[in-house]
1. Among the residues of the stretch 187-194, is any over 26 Å from residue 77 (Cβ atoms), within 15 Å of ligand 1 (Cβ to nearest atom) and not hydroxyl-bearing (Ser, Thr, Tyr)?
2. As an exercise: evaluate residue 181 against (1) at pLDDT below 95; (2) within 16 Å of ligand 1 (Cβ to nearest atom); (3) touching a Ser or Thr at 6+ places or on another chain (Cβ under 6 Å) and give the number of the one condition it does not meet.
3. Filter the stretch 150-176 for residues that are within 14 Å of ligand 1 (Cβ to nearest atom) and not charged (D, E, K, R) and give the result.
4. Residue check, residue 137 against (1) away from ligand 1 (no atom under 11 Å from the Cβ); (2) in a helix (DSSP H, G or I); (3) surrounded by 15 or more Cβ atoms within 10 Å (Cβ to Cβ), all met but one. Which one?
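The values are calculated or read from the model by the stated rules, or taken from the named source; none is laboratory data. Values in this document were obtained by computation on a predicted structure and should not be read as measured data. Cβ placement follows ideal geometry from the backbone for every residue including glycine, while neighbour counts extend to all protein chains displayed.
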Amino acid sequence: MLIEVGIIAIIVTGFFIEGARIAQNGADPGSFVGNWLAAQLATGGLPTVHRYLWWTHGLLALALIAYIPFSPLVHLVLAPANAGLDIPVPGPKMGVMDFEALEGEGEETPSLGVSKLGDFSRKNLLDIFTCLKCGRCHEVCPAAQTGKKLSPKGVMVTLAEYLQQGKMEDESLLDTITTDAIYNCTTCAACMEACPVAVNQPMPSSG
Ligand code: SF4
Ligand code: SF4
């Protein structure tokens with residue numbers, strides 16, 4: 001609501017600035033709204049009105065830009081960044097587990113896959129930030145649509161909640177999502193095809 005009101009206010013003040021300018025400098029062919037507004041404006045005190053409108057318009061525009069990181073508008077930046085960093089190959093980008101390399105890791109228990117946010121790659125975390133929670137992935141997921149215990153959107157929402165709460169090392173993540181849900185994934189990649197912001201839902205170990 002705040003964003004919509006802000007954008008409308010910027011557009012309206014912009015038209016009034018144009019009207020005030022045209023009222024002083026003469027008609028501007030093609031500026032239909034500005035020409036009409038100029039005809040409605042009284043001629044007295046126009047330079048002052050123009051100056052105040054100009055400042056109001058400018059400050060509103062700057063305030064909206066400053067608000068971008070704290071609002072859904074941040075997706076204007078995140079979505080192209082996430083799409084640009086996407087791996088240009090079709091299908092789920094789950095990487096390959098190198099079991100031979102793991103065998104050489106010595107006494108330490110080898111770690112496979114992910115169990116907490118701290119195991120995810122930076123690209124995985126960007127995917128989580130970028131998700132719009134639009135639900136398109138849920139609508140095309142064969143598991144979700146056949147009543148299985150998996151919703152790719154649900155998984156993204158849970159991941160986003162953990163990320164927002166800074167639970168990077170919280171291993172309750174897997175219990176919250178449930179292994180049942182994970183194993184219902186067929187890795188068909190329909191969710192990835194439908195995602196408008198290039199999220200890689202079957203994300204772990206995509207690197
Ligand atoms: S389709 Fe993409 S943006 Fe929409 S909910 Fe699913 S992961 Fe998020
Ligand atoms: S890859 Fe998995 S989560 Fe995505 S649509 Fe297919 S079954 Fe659903």
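1. yes
2. Among (1) at pLDDT below 95; (2) within 16 Å of ligand 1 (Cβ to nearest atom); (3) touching a Ser or Thr at 6+ places or on another chain (Cβ under 6 Å), the lone unmet condition for residue 181 is (3).
3. 150, 151, 152, 154, 155, 156, 157, 158, 159, 160, 163
4. For residue 137, the exception is condition (1).
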